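Asks: Encoded as structure tokens, here's the structure I'll be asking about.
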Amino acid sequence: MSSLVPIRFQPFDVDTMAEAAGRVVVIVPPEGKMGPAVRRANRLTRGAVARLVESERFGKAKVGDVISLAWPAGMAAEALDVLVLPRRPDQAEARKAGAALAKLAGGKDLLVMAGNQVRCDELALGIVLRSYDFDAHKTKEADKVGTVTIGHQKADEIEATFAPLYAVADGVRMTRDLTNEPANILTTTEFADRLAEMEALGLEVEVLEEEKLAELGMRTLLSVGQGSVSPSKVVVMHWKGGEQDDAPLALVGKGVVFDTGGISLKPAGGMEDMTMDMGGAGVVAGAMRALAKRKAKANVVGLVGLVENMPSGNATRPGDVVKSMKGDTVEIINTDAEGRLVLCDVMWYAQERFQPVGMIDLATLTGAVIIGLGHENAGVFSNNDTFCNAFLKSAKAEDEGAWRLPLGEGYDKQLKSRIADVKNVGGRPAGSITAAQFLQRFVKEDTPWIHLDIAGVASVSSETSYAPKGATGWGVRAISRFVLDNFETVVE
Ligand code: BES
Ligand code: MN
Ligand code: ZN
């Protein structure tokens, strides 16, 4: 497991600059006005900063750009980073600026001379998110987590507003760790153990084992895991931060710890990426962690279906018919369309047991969503415009791409089975939509529901604004904000 970079806030004091090790950051607004820290840096470097600010390079710099002076004379630091940022940046500008600083620092100590900078808490969040590094399995790499110190005139105030943001960042960290972890380490049992550890945060965590799942009738979920030596599990994480009688919001995650495709085996090229096929469950876990750590005043229950999709003598065959917990029978045409088989039972169970006010499922469900939306947006499907629009607003506010795609009865034709109630694949056309249509069969009419197909955004091969390549933690921030804005009613 990785750890979050620690962030210290201290009173703004220009006398700390000369001797600071690592990198020192000063902030200059685009119009070039030099505040106290910049003037001190300028004096220490005998005018180098003023020349930089007057240069053509600075004139062309954009908000969020960093211009570095290496080994600056008059300072102990190995670099003086001049960050271009208005005094009142918007949230995304502040976060991206922080991320840019963290990327440059690469784990070195960082002293940010923030003065009276507005949205410094958001800048700090950007630093924390982009400082993430999954080096758990690099034996020769030194522990790269440096310390970050932020000097600000209102250090106490910012420390307080930063606390819930840090909680969310820790949720993002957990999601990324789970999603990056290889499948020989993150088995279904290890996954469940890591979730159970969150009881220490005040979550109620319950692990349902195969026997119990069989008793509940979750045959479609069990059919996916039956070829693996790792036992299938459903984990329920309950956060009770709201009024006792309020029904919870339910989050449901696809947790396929490895997806070989099963008997409908995937080709070898790129199969290693299927370690991230538990990304939906990873987001549910990280979101529950964020909510618990920031003590959200809402009731939220997170459920994940943990299975491994393997071929073996026990594995489900193409053509098999299995009965879901709901009672609908499914003809399994392709054992590689396994995510929906896991989700449909967990979603049904979530509704039967908790009667949630709304349900959001997250899954790395289809390759087709990557063809449609690439790596910038998750696919969003919903049966309820109000619920969906509220989520889209939260995702936008958190700068997490999300794009709604249609549902429609017409697509059900593609899922008709000759011998069962439904089949698990609908052919190539509209592959992400037919997957969502399949799931919708298992959503009760009065349950507001959102399905998030995160196959394209959960893990990416080039870095994003807030994350290095690999797992992004997409969705943790959006969900935390969605809960905050829609379910945490402030009672006066
Ligand atoms: N886990 C995959 C979807 C996926 C693909 C996630 C690429 C991340 C990156 C899913 O289980 C799957 O195999 N889907 C099939 C469905 C098909 C057989 C109907 C797909 O998309 O090809
Ligand atoms: Mn699959
Ligand atoms: Zn899968």
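The values are calculated or read from the model by the stated rules, or taken from the named source; none is laboratory data. All values reported here derive from a predicted model rather than from experimental measurement. Using ideal geometry, Cβ is built from the backbone for each residue, glycine included, and neighbour counts are taken over all protein chains shown. All accessible areas refer to the heavy atoms of the entire protein, side chains included, with ligands and DNA or RNA removed. Shrake-Rupley method; radii C 1.70, N 1.55, O 1.52, S 1.80 Å.
Asks: Just the residues that are more than 22 Å from Glu272 (Cβ to Cβ) and crowded, with 23+ Cβ neighbours inside 10 Å, please, taken from the stretch 306-323. Give the derivation first.
Replies: Start the filter on the stretch 306-323 by keeping residues that are more than 22 Å from Glu272 (Cβ to Cβ), which leaves 313-314, 316-323.
Once the filter is applied, which keeps residues that are more than 22 Å from Glu272 (Cβ to Cβ) and crowded, with 23+ Cβ neighbours inside 10 Å, the stretch 306-323 yields only Thr316.
Asks: Where in the stretch 191-309 are there helices (runs of 4 or more DSSP H), lying fully within it, with 1 or more residues that are out of contact with any helix residue (DSSP H, G or I) (no Cβ under 6 Å at 6 or more places or on another chain) and within 16 Å of ligand 2 (Cβ to nearest atom)?
Replies: Values: elements: 210-216, 219-225, 279-293.
It comes to 219-225, 279-293.
Asks: For residues in the stretch 327-354 being hydrophobic (A, V, I, L, M, F, W, C) and surrounded by fewer than 21 Cβ atoms within 10 Å (Cβ to Cβ), which is farthest from ligand 1 (Cβ to nearest atom)? Give the steps one after another, and end with the answer.
Replies: From the stretch 327-354, those hydrophobic (A, V, I, L, M, F, W, C) are 330, 332-333, 337, 341-344, 346-348, 350, 354; that's our starting set.
Applying the additional criterion that residues be surrounded by fewer than 21 Cβ atoms within 10 Å (Cβ to Cβ) yields 333, 354.
Details: Ile333: 9, Phe354: 26 Å.
Among residues in the stretch 327-354 that are hydrophobic (A, V, I, L, M, F, W, C) and surrounded by fewer than 21 Cβ atoms within 10 Å (Cβ to Cβ), the one farthest from ligand 1 (Cβ to nearest atom) is Phe354.
Asks: May I pose another question? Here are some residues: Phe391, Phe387. Which one is open to solvent by 10 Å² or more (accessible area, probe 1.4 Å) and either more than 16 Å from ligand 3 (Cβ to nearest atom) or assigned to a helix (DSSP H, G or I) (or both)? Spell out how you get there, then give the answer.
Replies: Working: Phe391 fails: open to solvent by 10 Å² or more (accessible area, probe 1.4 Å).
Of Phe391, Phe387, the one residue that is open to solvent by 10 Å² or more (accessible area, probe 1.4 Å) and either more than 16 Å from ligand 3 (Cβ to nearest atom) or assigned to a helix (DSSP H, G or I) (or both) is Phe387.
Asks: Out of (1) away from ligand 1 (no atom under 11 Å from the Cβ); (2) out of contact with any strand residue (DSSP E or B) (no Cβ under 8 Å at 6 or more places or on another chain); (3) touching a residue at least 24 places away in the same chain (Cβ under 8 Å); (4) farther than 24 Å from Thr447 by Cα, what's the single condition that is false for Ala292?
Replies: Here Ala292 clears every test but (2).
Asks: Being within 16 Å of ligand 2 (Cβ to nearest atom) and in contact with a Cys (Cβ under 9 Å, 6 or more places away or on another chain) is the filter here, so list the residues in the stretch 319-354 that pass it.
Replies: Of everything in the stretch 319-354, just one residue is within 16 Å of ligand 2 (Cβ to nearest atom) and in contact with a Cys (Cβ under 9 Å, 6 or more places away or on another chain), namely Val330.
Asks: Any idea how many residues of the stretch 358-371 are surrounded by fewer than 17 Cβ atoms within 10 Å (Cβ to Cβ) and assigned to a loop (DSSP other than H, G, I, E, B)?
Replies: Just the residues of the stretch 358-371 that are surrounded by fewer than 17 Cβ atoms within 10 Å (Cβ to Cβ), to begin with: 367, 370-371.
Those left that are additionally assigned to a loop (DSSP other than H, G, I, E, B): 367.
Of the residues in the stretch 358-371, 1 are surrounded by fewer than 17 Cβ atoms within 10 Å (Cβ to Cβ) and assigned to a loop (DSSP other than H, G, I, E, B).
Asks: Separate question: Being more than 16 Å from ligand 1 (Cβ to nearest atom) and either among the charged types (D, E, K, R) or not assigned by TED's automatic domain parsing to the domain that holds Asp273 (or both) is the filter here; which residues of the stretch 312-326 pass it?
Replies: At the first step, the residues of the stretch 312-326 found to be more than 16 Å from ligand 1 (Cβ to nearest atom) are 312-314, 321-326.
Matches in the stretch 312-326: Lys323, Lys326.
Asks: In addition: If you check Leu186 against the conditions, is it open to solvent by less than 10 Å² (accessible area, probe 1.4 Å) and over 27 Å from Thr335 (Cβ atoms)?
Replies: no
Asks: Quick test of your reading of the structure: Leu343 fulfils all but one of (1) more than 15 Å from ligand 3 (Cβ to nearest atom); (2) assigned to a helix (DSSP H, G or I); (3) within 20 Å of Leu178 (Cα to Cα). Name the failing condition by number.
Replies: (1)
Asks: Give the residues of the stretch 43-69 that are assigned to a helix (DSSP H, G or I) and either of a type in the set (Lys, Arg) or open to solvent by 30 Å² or more (accessible area, probe 1.4 Å) (or both), sorted by residue number. Steps first, please.
Replies: Going through the stretch 43-69, the residues assigned to a helix (DSSP H, G or I) turn out to be 43-44, 48-54, 56-60.
Residues satisfying the conditions are Arg43, Leu44, Arg51, Glu54, Glu56, Arg57, Gly59, Lys60.
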